[in-house]
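To start, the structure under review is shown below, and the notes come after it.
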């Protein structure tokens, strides 16, 4: 998407027509060239936030080379209170904020955790940086899983990243330490996961569950354990934890599905280590890595000397 460099803002997106676009209707530019969803376009029309050369024109008007299409996405208020909780920002641009979440912190406020969440921490970060955007989590992590979380700063970025997830264009790599010596050097688990009892938090593999695919590769073999890199093809709740337990190699520290020994680690040894995706505006490939937390490094060291 070609944009005016002097108007880069999280809530403004522009597109300047080239010769090849001459004769296209505004509607075609919005949907085909700017890749806006019909939901977002409807909202922008309702708010009267679509401009061509700073004027509002008909959706069916034909445009010419040099015309500048601009959309302004309304800033929406956050409903979270700011809290001074340290966060590690590993990547930030006009559309996205990516944080390396520490274990033990909930991503989004719930009845059980109304405060002290990643959302509260990000609102505080925005206040300090004099930024203002509605927090839109593109992915989630369990409280005791560490690693990379993507926050979209506007509805366009959220739309594009969600679409990439649906099309399996976002690569998500996790590091896990599992109990036992994994037999094969690499493999794929393709077993449906679901929650037969909606009152129960645990998920399990069963025939009526949703399609779930997990790829794994051995990184290191330890005494009584194996370090794996895991790539998700689907993103079901607790997917890695359920699948590894199902094939007989539960994750160390996992209270729901795994093997617990608090002398080794006090939470599940699972870390969202790497993300790669396409930047929503530029379509450039972006790859981000998060350092392995100290408690997982210590677990690996303890198992090395057992």
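The values are calculated or read from the model by the stated rules, or taken from the named source; none is laboratory data. All figures in this text were calculated on a predicted structure; none of them were measured in a lab. For neighbour counting, all protein chains shown are included, and Cβ atoms are generated from backbone atoms with ideal geometry for every residue, glycine included.
Scanning the range 151-163 turns up no residue that is under 28 Å from residue 219 (Cα atoms) and assigned by TED's automatic domain parsing to the domain that holds residue 275. Screening residue 58 with (1) out of contact with any helix residue (DSSP H, G or I) (no Cβ under 9 Å at 6 or more places or on another chain); (2) over 30 Å from residue 236 (Cα atoms); (3) not assigned by TED's automatic domain parsing to the domain that holds residue 173 gives one miss only, at (1). Is it true that some residue in the range 87-105 is surrounded by fewer than 18 Cβ atoms within 10 Å (Cβ to Cβ), in the same structural domain as residue 270 (by TED's automatic domain parsing) and over 24 Å from residue 129 (Cα atoms)? Scanning the range 87-105 turns up at least one residue that is surrounded by fewer than 18 Cβ atoms within 10 Å (Cβ to Cβ), in the same structural domain as residue 270 (by TED's automatic domain parsing) and over 24 Å from residue 129 (Cα atoms). With 203, 211, 221 as the choices, which residue is touching a helix residue (DSSP H, G or I) at 6+ places or on another chain (Cβ under 7 Å) and without any contact (Cβ under 8 Å) to a residue 60 or more places away in the chain? After ruling out the rest, the residue left standing is 203.
Among the residues of the range 219-237, those identified as more than 22 Å from the chain's Cα centre (by Cα), buried (at least 17 other Cβ atoms within 10 Å of the Cβ) and part of a strand (DSSP E or B) are 225, 226, 227. With respect to the conditions (1) in a loop (DSSP other than H, G, I, E, B); (2) closer than 21 Å to residue 270 by Cβ, residue 115 falls short on a single one, namely (2). When we screen 99, 123, 107 for residues that are under 15 Å from the mean Cα position of the chain (by Cα) and not in a loop (DSSP other than H, G, I, E, B), the only hit is 99. The residues on offer are 240, 189, 173, and the sole one that is buried (at least 16 other Cβ atoms within 10 Å of the Cβ), modelled with pLDDT of 95 or more and either part of a loop (DSSP other than H, G, I, E, B) or more than 18 Å from the chain's Cα centre (by Cα) (or both) is 189.
Quick one: is residue 181 surrounded by fewer than 21 Cβ atoms within 10 Å (Cβ to Cβ), within 20 Å of the chain's Cα centre (by Cα), in contact (Cβ under 8 Å) with a residue 24 or more places away in the chain and closer than 17 Å to residue 250 by Cβ? The answer is no for residue 181. Residues of the range 21-35 that are more than 16 Å from residue 61 (Cα to Cα) and modelled with pLDDT of 90 or more: 34 alone.
Give the residues of the range 283-306 that are out of contact with any strand residue (DSSP E or B) (no Cβ under 7 Å at 6 or more places or on another chain) and surrounded by 14 or more Cβ atoms within 10 Å (Cβ to Cβ), sorted by residue number. Of everything in the range 283-306, those that are out of contact with any strand residue (DSSP E or B) (no Cβ under 7 Å at 6 or more places or on another chain) and surrounded by 14 or more Cβ atoms within 10 Å (Cβ to Cβ) turn out to be 295, 302.
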